[in-house]
Amino acid sequence: MDGNLKAMPDTSRWVVIYPVYINSKKTLAEGRRICASKACENPTVVEIGDCCQYLRLPCAIEIDKAYSRDFMQRGRVRVQLKRDDGTLVNSAIPSRKTLFLKVAELVPKHHGRSKKQDHSGSTSTSGGAQASKSGKSGKKKK
């Protein structure tokens, strides 16, 4: 086990992604770092980590950390953009802003989200009819 601990790279120079950075539900004042139209809805650290692995970027999920402006949401992801010699790990991602945009683009396509979207999509169609019925009955009661 001691060998594994020594093999861990120094992540202190890696880029940090808090889920709030790419959350479309947050404002710039609350910590969002990219435009709302390109951000994704309520990303998790696991989804962000999976997207970084998909982009072939070394990453480390730190569950015990929290964003200072939103300390209730736990976790952050550290991502290596550049090697120790300064060369890019993935030439398609030269900067942290590009990383945020790519991850925000990939999170909605995450395999864990596809079931949630399909399920919510089917309920929203039937839910729309139910909502209008409940809306009408609400007016009658008044």
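The values are calculated or read from the model by the stated rules, or taken from the named source; none is laboratory data. Remember, predicted model here, so these are calculated numbers, not experimental data. When we count neighbours, we look across all protein chains shown, and the Cβ atoms used for this are built from the backbone with ideal geometry, even at glycine.
Descriptive notes on the structure:
- The single residue among GLU105, GLU47 that is touching a His at 6+ places or on another chain (Cβ under 8 Å) and either in a loop (DSSP other than H, G, I, E, B) or at pLDDT 85 or above (or both) turns out to be GLU47.
- Selected residue (criterion: nearest to CYS51 (Cα to Cα)) from residues of the stretch 64-102 that are without any contact (Cβ under 8 Å) to a residue 40 or more places away in the chain, among the polar types (S, T, N, Q) and part of a loop (DSSP other than H, G, I, E, B): ASN90
- Of all residues in the stretch 90-111, one or more are of a type in the set (A, V, I, L, M), surrounded by fewer than 18 Cβ atoms within 10 Å (Cβ to Cβ) and out of contact with any helix residue (DSSP H, G or I) (no Cβ under 6 Å at 6 or more places or on another chain).
- If you go through the stretch 27-60 and keep only what is touching a residue at least 40 places away in the same chain (Cβ under 8 Å), farther than 19 Å from SER95 by Cβ and over 9 Å from the mean Cα position of the chain (by Cα), you end up with GLU30, ASP50, ALA60.
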